[in-house]
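In what follows, a structure is listed as structure tokens, so that the remarks can point back to it.
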2 protein chains.
Amino acid sequence: MFSNSTKYAIKAVLYLAVHSSEEQKIMIKDIAEPINVPKHYIAKILQALSKKDIISSTKGPKGGFYLTSDQLQTKVMQIIEAVDGEERFNSCLLSLEKCNSDNPCSLHHLVFDEKNKINERLKMTTLKDLRQHIMRGESILPL
Amino acid sequence: MFSNSTKYAIKAVLYLAVHSSEEQKIMIKDIAEPINVPKHYIAKILQALSKKDIISSTKGPKGGFYLTSDQLQTKVMQIIEAVDGEERFNSCLLSLEKCNSDNPCSLHHLVFDEKNKINERLKMTTLKDLRQHIMRGESILPL
DNA sequence: TCTTAAATATGATTTTTATCATATTTTACT
DNA sequence: AGTAAAATATGATAAAAATCATATTTAAGA
């Protein structure tokens with residue numbers, strides 16, 4: 001459903017959502033290990049997310065990655081789109097250009113309502129929401 | 001959501017469901033073109049599906065691919081699993097080994113019910129069903 | 001039985017995705 | 001100012017997925 005890059009990005013950003021703040025920056029190596037992702041790979045991804053202002057970073061000693069309170073309002077879908085691009089997630093199951101409810105492909109009606117519902121949730125749910133679930137013990141931080 | 005291979009497989013098998021029969025076999029090139037898939041690529045996929053007895057074929061002049069009436073009862077999910085393997089579709093969104101409803105990852109509850117519903121439909125819906133939809137004009141054959 | 005038309009088997013090439021490595025830049029601290 | 005610790009930029013390598021190519025096998029029909 002998602003590329004590895006997107007999975008890794010979500011894991012890392014969630015880790016930051018729970019463990020970081022402007023006063024508590026986290027180095028790449030201290031993110032990569034607990035979320036179980038290759039260090040160099042996640043570094044590249046985090047750098048890209050930082051450039052797109054989805055996460056924050058500072059260089060040098062005492063530096064690292066973190067989320068501002070604004071960035072805690074980021075929607076899950078924004079992360080997906082930042083990493084994989086808009087198309088990947090929203091295209092037709094069979095990748096037909098002109099598949100839509102008026103001209104549905106053969107699988108369209110099997111998934112349309114559910115896919116929409118999932119989409120809505122991903123567009124609505126913020127990192128702050130997910131952090132809260134984790135802190136309440138309703139879900140787990142991935143490793 | 002699906003690999004290209006799976007998308008192509010579904011397109012091709014649907015094309016056979018609508019256009020072929022034991023008396024009406026179809027050659028690779030006459031499948032590849034209308035469904036808009038590279039000929040050599042779809043050839044490989046169809047050969048694999050034939051080996052797994054999801055479609056039928058005969059060699060030589062007047063040969064080609066076709067579906068038996070038994071094979072029209074194949075479920076969409078069986079095609080997906082035949083091409084991509086069982087894992088790919090049924091794994092956790094974040095690919096966590098031990099994600100489940102008792103120990104859910106952070107995205108689990110965002111998609112669980114809907115993913116299940118989609119799964120059920122894919123496991124239930126046969127090629128014959130989809131053919132009927134197409135012939136009634138309720139959906140379109142992909143190109 | 002010979003020729004031809006089809007799938008089959010096999011594998012080579014290309015493209016994309018994932019992973020690894022390193023030199024450069026920035027910043028905190030002495 | 002100088003040193004060290006961090007991200008950043010860039011690119012190399014490896015692995016997987018997608019695509020292309022071709023020799024072999026099988027079967028129909030002359």
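Readers should treat all values here as calculations from the given coordinates under stated rules, not as data from a laboratory. These numbers were taken from a predicted model, which means no experiment stands behind them. FYI the Cβ positions are ideal-geometry reconstructions off the backbone, even for glycines, and counts take in every protein chain you see.
Brief remarks follow.
- Evaluated against (1) within 30 Å of A:Ala12 (Cβ to Cβ); (2) within 15 Å of DNA strand C (Cβ to nearest atom); (3) touching a helix residue (DSSP H, G or I) at 6+ places or on another chain (Cβ under 8 Å), B:Phe89 falls short on exactly one condition, (2).
- When B:Lys123 is tested against (1) in contact with a strand residue (DSSP E or B) (Cβ under 6 Å, 6 or more places away or on another chain); (2) farther than 23 Å from A:Leu96 by Cα, exactly one condition is not met: (2).
- Of everything in region A:7-23 that is more than 14 Å from every other protein chain (Cβ to nearest Cβ) and within 14 Å of DNA strand C (Cβ to nearest atom), the residue that is surrounded by the fewest Cβ atoms within 10 Å (Cβ to Cβ) is A:Glu23.
- Here A:Asp84 passes the criteria (1) within 24 Å of B:Met1 (Cβ to Cβ); (2) in contact with a Leu (Cβ under 9 Å, 6 or more places away or on another chain) except the one numbered (2).
- Any chance A:Glu81 is over 16 Å from the mean Cα position of the chain (by Cα), more than 14 Å from every other protein chain (Cβ to nearest Cβ) and under 26 Å from B:His109 (Cα atoms): no
- The residues in region A:33-47 that are farther than 15 Å from A:Leu14 by Cα and more than 8 Å from DNA strand D (Cβ to nearest atom) can be counted, and the count is 3.
- In the condition set (1) within 11 Å of another protein chain (Cβ to nearest Cβ); (2) in contact with a Gly (Cβ under 9 Å, 6 or more places away or on another chain), A:Ser57 is compliant with all but (1).
- Qualifying positions in region B:33-46 - within 11 Å of DNA strand C (Cβ to nearest atom) and either in contact (Cβ under 8 Å) with a residue 12 or more places away in the chain or more than 23 Å from A:Glu97 (Cα to Cα) (or both): B:Tyr41, B:Ile42, B:Ala43, B:Lys44, B:Ile45, B:Leu46
- Residues of region A:48-67 classified as farther than 12 Å from A:Val13 by Cα and surrounded by 14 or more Cβ atoms within 10 Å (Cβ to Cβ), total: 3
- A:Ser20 of a type in the set (Ser, Thr, Tyr), within 14 Å of DNA strand D (Cβ to nearest atom) and either without any contact (Cβ under 8 Å) to a residue 12 or more places away in the chain or under 25 Å from A:Lys115 (Cα atoms) (or both): no
- Residues in region B:1-34 that are hydrophobic (A, V, I, L, M, F, W, C) and under 20 Å from B:Thr74 (Cα atoms): B:Phe2, B:Ala9, B:Ile10, B:Ala12, B:Val13, B:Leu14, B:Leu16, B:Ala17, B:Val18, B:Ile26, B:Ile31.
- Every residue from region B:87-116 that is among the acidic types (Asp, Glu) and within 17 Å of B:Thr6 (Cβ to Cβ): B:Glu87
- A:Asn4, sole failed condition from (1) within 12 Å of chain B (Cβ to nearest Cβ); (2) within 15 Å of DNA strand C (Cβ to nearest atom); (3) surrounded by 16 or more Cβ atoms within 10 Å (Cβ to Cβ): (3)
- Subset of region A:100-143 [acidic (Asp, Glu), assigned to a helix (DSSP H, G or I) and more than 9 Å from every other protein chain (Cβ to nearest Cβ)]: A:Glu120, A:Asp129
- Flag for A:Lys75 being basic (Lys, Arg), more than 7 Å from every other protein chain (Cβ to nearest Cβ), in contact (Cβ under 8 Å) with a residue 60 or more places away in the chain and within 17 Å of A:Ala12 (Cβ to Cβ): no
- Summed over region B:87-99, the residues that are exposed (fewer than 13 other Cβ atoms within 10 Å of the Cβ) and part of a loop (DSSP other than H, G, I, E, B) give a count of 2.
- The set of residues from region A:78-104 being touching a residue at least 24 places away in the same chain (Cβ under 8 Å) and polar (S, T, N, Q) comprises A:Gln78, A:Asn90.
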